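Chemist: Provided herewith is a single structure, encoded as structure tokens, for subsequent inquiry.
The values are calculated or read from the model by the stated rules, or taken from the named source; none is laboratory data. Nothing here was measured: the structure is a model prediction, and the numbers come from that model. Positions of Cβ are backbone-derived with ideal geometry, glycine not excepted, and every protein chain shown enters the neighbour counts.
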Amino acid sequence: MKHFTIFGDPVSHSRSPLMHNYVFKALDISACYSRTRLQDGSQLRDVFFAKALSGANVTVPHKEAAYAQCDEVRGIAKAIKAVNTLVLEKGKLIGYNTDADGFMSAIQSFGEIKNALILGAGGTARALAIALRNGEISPTILNRSRGRLEYFLSEGLECFDWDDFTARPYDLIINTTSAGLSDNELPLPRPLLMELLAQAKGAIDVIYGKETPYLREVKVSGLPYKDGSDMLLEQGVLANHLFMDGEVPIDNIRSAMKQSFSL
Ligand code: NDP
């Protein structure tokens with residue numbers, strides 16, 4: 001039996017074990033998926049091999065540490081410099097980032113999007129900024145402080161902190177901050193958010209499973225919107241497809257994993 005896990009801290013809230021185990025059971029695959037709380041990210045590689053894992057997902061705050069410990073990084077993860085999926089291949093640890101492609105699938109339903117404003121500048125914002133740029137959607141990053149903008153500047157992306165930003169029209173407003181995750185905060189001052197929503201075509205929050213203060217404001221604005229559930233599903237489908245080495249049809253994985261969302 002193959003063994004998979006999700007590394008994170010905290011990790012108790014993660015829906016990944018439910019999603020992947022549901023797929024394994026529904027498709028009669030001999031595998032199981034657990035969660036592993038890991039405080040020291042530098043131990044990730046050692047723990048991966050000690051547990052004899054076939055693959056893993058990585059969540060907050062270890063995605064950059066995982067990137068640094070891979071033998072090889074493939075695809076868009078190379079530009080993002082963060083990894084959320086690990087696969088053991090011929091004894092080597094191979095890293096991927098399925099958050100980026102998962103997000104791009106999730107925003108298909110908004111129709112044609114030319115530009116987007118990303119609120120926040122953490123690991124998720126990096127993945128989305130690179131994915132949007134690859135998809136020919138122009139990203140702008142807005143963060144409350146300057147420190148984390150360094151990466152985006154080095155990628156030649158347009159970015160601002162709250163002090164040097166002036167609102168202008170963006171088709172899609174994306175919340176990647178953790179504001180609203182375990183508090184009651186908005187990701188940016190309310191008057192500025194209102195001005196941005198008034199000019200947008202749609203809005204998305206990558207947080208899932210709860211209505212954040214941001215999504216409440218979006219709802220009132222009447223814009224098309226979604227939370228992070230579709231992104232969560234799609235990143236999971238892509239990760240599972242990698243875990244199965246592409247041998248299980250992706251549509252079968254998606255329809256099984258989707259059912260786990262109704263549990
Ligand atoms: P990070 O910790 O790397 O980054 C957090 C960002 O949020 C920083 O830019 C920080 O700003 C900003 N921030 C935090 N609190 C506030 C606040 N009160 N007001 C304004 N800005 C704030 O987090 P990640 O990028 O790894 O994850 C972000 C979110 O994305 C999490 O909620 C996570 O659950 C979700 N996520 C969802 C996925 C899905 O599949 N749906 C996949 C991956 C992540 P500063 O730099 O100033 O500190």
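Chemist: Hey, can you tell me all the residues within segment 45-90 that are among the polar types (S, T, N, Q) and in contact (Cβ under 8 Å) with a residue 60 or more places away in the chain?
Modeler: Once the filter is applied, which keeps residues that are among the polar types (S, T, N, Q) and in contact (Cβ under 8 Å) with a residue 60 or more places away in the chain, segment 45-90 yields 54, 57, 84, 85.
Chemist: Consider residue 208 against the criteria (1) touching a helix residue (DSSP H, G or I) at 6+ places or on another chain (Cβ under 6 Å); (2) surrounded by 18 or more Cβ atoms within 10 Å (Cβ to Cβ): it satisfies all of them except one. Which criterion is unmet?
Modeler: So the condition that residue 208 fails would be (2).
Chemist: OK, next. Filtering segment 67-107 down to residues that are within 14 Å of residue 57 (Cα to Cα) and of a type in the set (Ser, Thr, Tyr), which residue is nearest to the chain's Cα centre (by Cα)?
Modeler: Taking the candidates together, the pick is 98.
Chemist: Still on this structure: Taking the conditions exactly as written (touching a helix residue (DSSP H, G or I) at 6+ places or on another chain (Cβ under 7 Å), farther than 30 Å from residue 93 by Cα, aliphatic (A, V, I, L, M) and in the same structural domain as residue 131 (by TED's automatic domain parsing)), does residue 196 satisfy them or not?
Modeler: Against the criterion (touching a helix residue (DSSP H, G or I) at 6+ places or on another chain (Cβ under 7 Å), farther than 30 Å from residue 93 by Cα, aliphatic (A, V, I, L, M) and in the same structural domain as residue 131 (by TED's automatic domain parsing)), residue 196 does not qualify.
Chemist: Then there's this: Could you say whether any residue in segment 244-262 is over 17 Å from residue 179 (Cβ atoms), of a type in the set (Phe, Trp, Tyr) and out of contact with any strand residue (DSSP E or B) (no Cβ under 8 Å at 6 or more places or on another chain)?
Modeler: So far as segment 244-262 goes, yes, one or more of its residues are over 17 Å from residue 179 (Cβ atoms), of a type in the set (Phe, Trp, Tyr) and out of contact with any strand residue (DSSP E or B) (no Cβ under 8 Å at 6 or more places or on another chain).
Chemist: Could you list, in sequence order, all residues of segment 31-66 that are crowded, with 21+ Cβ neighbours inside 10 Å and outside any loop (DSSP other than H, G, I, E, B)?
Modeler: 33, 44, 48, 55, 56, 57, 58, 63, 66
Chemist: Another question, then. Could you grab the pairs with beta carbons closer than 6 Å, sequence gap of 6+ or different chains, first residue in segment 219-230 and away from the ligand (no atom under 16 Å from the Cβ), second one in a strand (DSSP E or B)?
Modeler: 223/202; 223/203; 224/202
Chemist: Using the structure shown, decide if residue 208 is in the same structural domain as residue 125 (by TED's automatic domain parsing), outside any loop (DSSP other than H, G, I, E, B), among the hydroxyl-bearing types (Ser, Thr, Tyr) and within 11 Å of the ligand (Cβ to nearest atom).
Modeler: no
Chemist: So, one more: Right, residue 140: within 8 Å of the ligand (Cβ to nearest atom) and within 20 Å of the chain's Cα centre (by Cα) or not?
Modeler: No, not satisfied.
Chemist: Does any residue in segment 194-209 that is among the acidic types (Asp, Glu) come within less than 7 Å, Cβ to Cβ, of a residue that is assigned to a helix (DSSP H, G or I) and modelled with pLDDT of 95 or more six or more places away or on a different chain, and which pairs are these?
Modeler: 205/214; 205/215
Chemist: Could you tell me which residue of segment 176-199 is farthest from the ligand (Cβ to nearest atom), considering only residues that are farther than 30 Å from residue 12 by Cβ and crowded, with 20+ Cβ neighbours inside 10 Å?
Modeler: Ranking the candidates gives 197 first.
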